[in-house]
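Visitor: Let me give you the structure first, and then I'll get to my questions.
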Amino acid sequence: MSDLTITPVTTKRERKAFVDLPFRLYKDDPHWIPPLKGEALGLITPEKNGWYSHAKVQLFLAREGGRVVGRISAHIDTLALTMPADQGFGPGVGQWGLMDAEREDIFVALLARAEAWLREQGMTRALGPISQSVWEEPGLLVKGFDHAPTIMMGHAKPEYQGWIERAGYEQVKQLFTYELDITQEFPPLVKRIIQSGEKNSRIVVREVDKSRFEEEAAIILAILNDAWSDNWGFVPLTPPEIKDVGVKLKPIVFNDLIRIAELDGRPVAFMITLPDLNEAIAPLNGSLLPFGWAKLLLWLRRPKVRTMRVPLMGVLKELQSSRMASQLAFMMIEYIRRASVERYGASRGEIGWILEDNQGMRSIADTLNTTVNKVYNIYGKAL
């Protein structure tokens, strides 16, 4: 008879055990990127993650024979509860994520414990995996196990898909990432669209100014919260989240990799590109000691990377159905492509994630001759 127990995480030591578990479970997976343990702890520590200002979270650990053999997070985003139900969240919808287990029976037991906690909080439906905010690492990897994820994208064991589906969950949404060879120029049609935009005196596509970080972040946030507001799963980013994300990402923010497009002097679109930090931290095995910090600081001075990731871009809703929207997008993508190749030595770009029903962004990706390289599923179940 199994001595499996599942208990809530209540101490710093248990949070550390929660973070440590994947290092053992994925130690033989060549495509798993060990996160910096300090960063991983920060994500599950309320005082260090602004998302907790509007979220209620319970972490659980599974133990067997005194060993930690599984983990899960059950959580409720109070802002998500206020969103329209037809956008995925809404009243009564809780989430789970950060889930790993040695075996399927442990996985199922953890899911049941998370579901019980959500029911105790009055939830009637569960979505997952969402680890933990929709802005962090949503979805379960179901395609693309043969290469490592880029910065802020998740990885998982292939068997998890079957485990989740056999537990009664149904797929509700797919997220795609697209890759492309950025050393190659874009197709002639895209070039003509860009050249036309460059002749339009109403359009200015500028670099951000990192010395005015908070001001530039506010501009991008305003466009983002408008541009994404009708998307499935949208929850507005809040000032505490922006502050914490800014602290975390500022070291890998470079002026020439983030662009703001202005129309008649008004900011209407943006594109954020990040050098793939995973390439730098992969050899560190989660620790900056004894010399990892020096290597990382040296890399951050001027990264030389293979891959650049575009995690976010957006155009104000009033322009989204216009030709102008795609023109601004192509202009920003091209200018950042040039900088990525010429100044950072990059050869590969990754765009995403992109929702399966975001036809505008998927059309832009298709026009650039990209290829879907990873697919993530989000699942749902009535409680």
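Visitor: Restricting region 258-285 to residues that are part of a loop (DSSP other than H, G, I, E, B) and on the phi < 0 side of the Ramachandran plot, which is surrounded by the fewest Cβ atoms within 10 Å (Cβ to Cβ)?
Guide: 277
Visitor: Here's a check for you: in region 28-42, which residue that is in a helix (DSSP H, G or I) and either modelled with pLDDT under 95 or more than 16 Å from the chain's Cα centre (by Cα) (or both) is surrounded by the fewest Cβ atoms within 10 Å (Cβ to Cβ)?
Guide: Among residues in region 28-42 that are in a helix (DSSP H, G or I) and either modelled with pLDDT under 95 or more than 16 Å from the chain's Cα centre (by Cα) (or both), the one surrounded by the fewest Cβ atoms within 10 Å (Cβ to Cβ) is 38.
Visitor: Among the residues of region 83-110 satisfying the criterion of being charged (D, E, K, R) and under 24 Å from the mean Cα position of the chain (by Cα), which is modelled with the highest pLDDT?
Guide: Selected residue: 100.
Visitor: Counting just the residues of region 311-351 that are among the small types (Gly, Ala, Ser), out of contact with any Ser or Thr (no Cβ under 9 Å at 6 or more places or on another chain) and buried (at least 22 other Cβ atoms within 10 Å of the Cβ), which one comes out nearest to residue 137 (Cα to Cα)?
Guide: My answer is 314.
Visitor: So which residues in region 11-51 are among the polar types (S, T, N, Q) and out of contact with any Leu (no Cβ under 9 Å at 6 or more places or on another chain)?
Guide: Result: 11, 45.
Visitor: Being of a type outside the set (S, T, N, Q), in a helix (DSSP H, G or I) and closer than 23 Å to residue 374 by Cα narrows it down to one residue among 162, 197; which is it?
Guide: Of the residues listed, the single one that is of a type outside the set (S, T, N, Q), in a helix (DSSP H, G or I) and closer than 23 Å to residue 374 by Cα is 162.
Visitor: Let me ask something else about it. Is it the case that region 286-294 has a residue that's crowded, with 16+ Cβ neighbours inside 10 Å and touching a residue at least 24 places away in the same chain (Cβ under 8 Å)?
Guide: Yes, some residue in region 286-294 is crowded, with 16+ Cβ neighbours inside 10 Å and touching a residue at least 24 places away in the same chain (Cβ under 8 Å).
Let's see how each residue does on (1) assigned by TED's automatic domain parsing to the domain that holds residue 33; (2) under 19 Å from the mean Cα position of the chain (by Cα); (3) of a type in the set (S, T, N, Q):
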position: 125; (1), (2), (3): yes, no, no
position: 132; (1), (2), (3): yes, yes, yes
position: 136; (1), (2), (3): yes, yes, no
position: 148; (1), (2), (3): yes, yes, no
position: 162; (1), (2), (3): yes, no, no
position: 170; (1), (2), (3): yes, no, no
position: 192; (1), (2), (3): no, no, no
position: 197; (1), (2), (3): no, no, no
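Visitor: So which residues in region 237-257 are under 16 Å from residue 313 (Cα atoms) and either surrounded by fewer than 15 Cβ atoms within 10 Å (Cβ to Cβ) or in contact with a strand residue (DSSP E or B) (Cβ under 6 Å, 6 or more places away or on another chain) (or both), if there are any at all?
Guide: Listed by number, the residues that qualify are 255, 256, 257.
Visitor: In region 346-363, is there at least one residue being at pLDDT 95 or above, assigned by TED's automatic domain parsing to the domain that holds residue 201, closer than 23 Å to residue 204 by Cβ and among the hydroxyl-bearing types (Ser, Thr, Tyr)?
Guide: Checked region 346-363: no residue is at pLDDT 95 or above, assigned by TED's automatic domain parsing to the domain that holds residue 201, closer than 23 Å to residue 204 by Cβ and among the hydroxyl-bearing types (Ser, Thr, Tyr).
The values are calculated or read from the model by the stated rules, or taken from the named source; none is laboratory data. Computed from a predicted model, the values in this text were never measured in an experiment. Reconstructed Cβ throughout: ideal geometry from the backbone, glycine too, with neighbour counts over all protein chains shown.
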